[in-house]
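Only the coordinates and a few stated rules stand behind these numbers; no lab work does. Everything quoted here is computed from the prediction, not taken from an experiment. So basically every Cβ, Gly included, is an ideal-geometry build from the backbone, and we count neighbours across all protein chains shown.
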Amino acid sequence: MTKGVLLFAFNNGTVDYYKMAVATAKRANQFLNLPVSVVTDNTVNPDDYNYSFDNVFIETADNSNNKGSNIWINKGRYKAFDITPYGETILLDTDYLINSIKLLDIFDIYNDFMVPNQTRFLMIPEAGQEVVSPYSYPTLWATLVAFKKTNKVKQIFDCLEMVQKNYQHYTNLHHISSTLYRNDYALTIAHRIVYGQYENTMDYLPWPLTHVSKDVKVFRDTNTSYTLMREVNHRNKLKTEYMKVKDIDFHLLDKNQFMELVNE
């Protein structure tokens, strides 16, 4: 059964997500030795980028998720099930920085669907686990989803489509404070619906998704090692803290930092 990585990359006028996808794809090739396909729209000219994806799938961008002048083209992730050319797929956000072969372990431990249900923030050990709302479920993270093409998994993605198309209803039902669409929340809700509102822990990744928040500065030391820096208030004085990490994959929330690191 073929294995591969699938990325969604729609540029929004502010962030070049396709360029980020190229950087992520190169690291997936290097560390995982997997082919990478991308979903984008016809505003992108792949010839402008020095990389050839395994496949480039063109979809119409959904620009409806916006707040003021900010636009997040993050809808349509449910199409991954039908689009992917692979029998086993790792669906990643483009700002996931691969630094190891860890993701390959998923293929040995999962049945047909796997998603992180726990997170850790580097340099912020006190950070708690996010919930969809105080009245809802602990959040699942669509940053990283592994799946096979089974009937059960199709139900999850079909339900994800239903939740997206009725997202206003679900924000009301779950008392979600923001009406902006989030794949994490939609996937969390869809996953519970498919299992009759029960929690199926068998679908959970057995290690936490590692985040690096926007208030942590990251400096690259080598291709897989980094120095992290954060200023914290200690007894009303700013104190600079440092951490070194090596061979650890992480989700870098600051997209500008992501591009700075991969362009060095």
Failed item, numbered, when A61 is tested on (1) in a loop (DSSP other than H, G, I, E, B); (2) out of contact with any Phe, Trp or Tyr (no Cβ under 7 Å at 6 or more places or on another chain); (3) of a type in the set (G, A, S) | (2)
Looking at Y242, Y181, Y204, which is the one that is aromatic (F, W, Y) and either more than 28 Å from A146 (Cα to Cα) or without any contact (Cβ under 8 Å) to a residue 60 or more places away in the chain (or both)?
-> Y242
If you take the residues in region 107-128 that are of a type in the set (A, V, I, L, M) and surrounded by 17 or more Cβ atoms within 10 Å (Cβ to Cβ), which one is nearest to N223 (Cα to Cα)?
-> L122
(1) in contact (Cβ under 8 Å) with a residue 12 or more places away in the chain; (2) of a type in the set (S, T, N, Q); (3) in a loop (DSSP other than H, G, I, E, B): which one isn't true of T24, the others all being true?
-> (3)
Somewhere in region 56-74, is a residue farther than 18 Å from T2 by Cβ, touching a residue at least 60 places away in the same chain (Cβ under 8 Å) and in contact with an Asp or Glu (Cβ under 7 Å, 6 or more places away or on another chain)?
-> yes
Do we have any residue at all in region 129-141 that's surrounded by fewer than 17 Cβ atoms within 10 Å (Cβ to Cβ), of a type in the set (F, W, Y) and either in contact with a Lys or Arg (Cβ under 6 Å, 6 or more places away or on another chain) or in a loop (DSSP other than H, G, I, E, B) (or both)?
-> yes
Give the residue that is farthest from the chain's Cα centre (by Cα), with candidates limited to residues of region 208-262 that are of a type in the set (F, W, Y) and in a strand (DSSP E or B).
-> Y242
Would a scan of region 156-169 turn up a residue that is touching a residue at least 60 places away in the same chain (Cβ under 8 Å), in a helix (DSSP H, G or I) and farther than 25 Å from I73 by Cα?
-> no
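A quick yes/no check of all residues on (1) touching a Lys or Arg at 6+ places or on another chain (Cβ under 8 Å); (2) surrounded by fewer than 17 Cβ atoms within 10 Å (Cβ to Cβ):
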position: V15; (1), (2): yes, no
position: T43; (1), (2): no, yes
position: Y51; (1), (2): yes, yes
position: T60; (1), (2): no, yes
position: N74; (1), (2): yes, no
position: S100; (1), (2): no, yes
position: L103; (1), (2): no, no
Top-ranked residue in region 142-152 [being assigned to a strand (DSSP E or B) and not aliphatic (A, V, I, L, M); ranked as surrounded by the fewest Cβ atoms within 10 Å (Cβ to Cβ)] = K148
Quick one: in region 168-210, of everything that is hydroxyl-bearing (S, T, Y) and within 25 Å of I71 (Cβ to Cβ), which residue is surrounded by the fewest Cβ atoms within 10 Å (Cβ to Cβ)?
-> S177
Scan region 76-97 for residues that are of a type outside the set (S, T, N, Q), in a loop (DSSP other than H, G, I, E, B) and in contact with a Ser or Thr (Cβ under 7 Å, 6 or more places away or on another chain) and jot them down.
-> P85, Y86, G87, D93
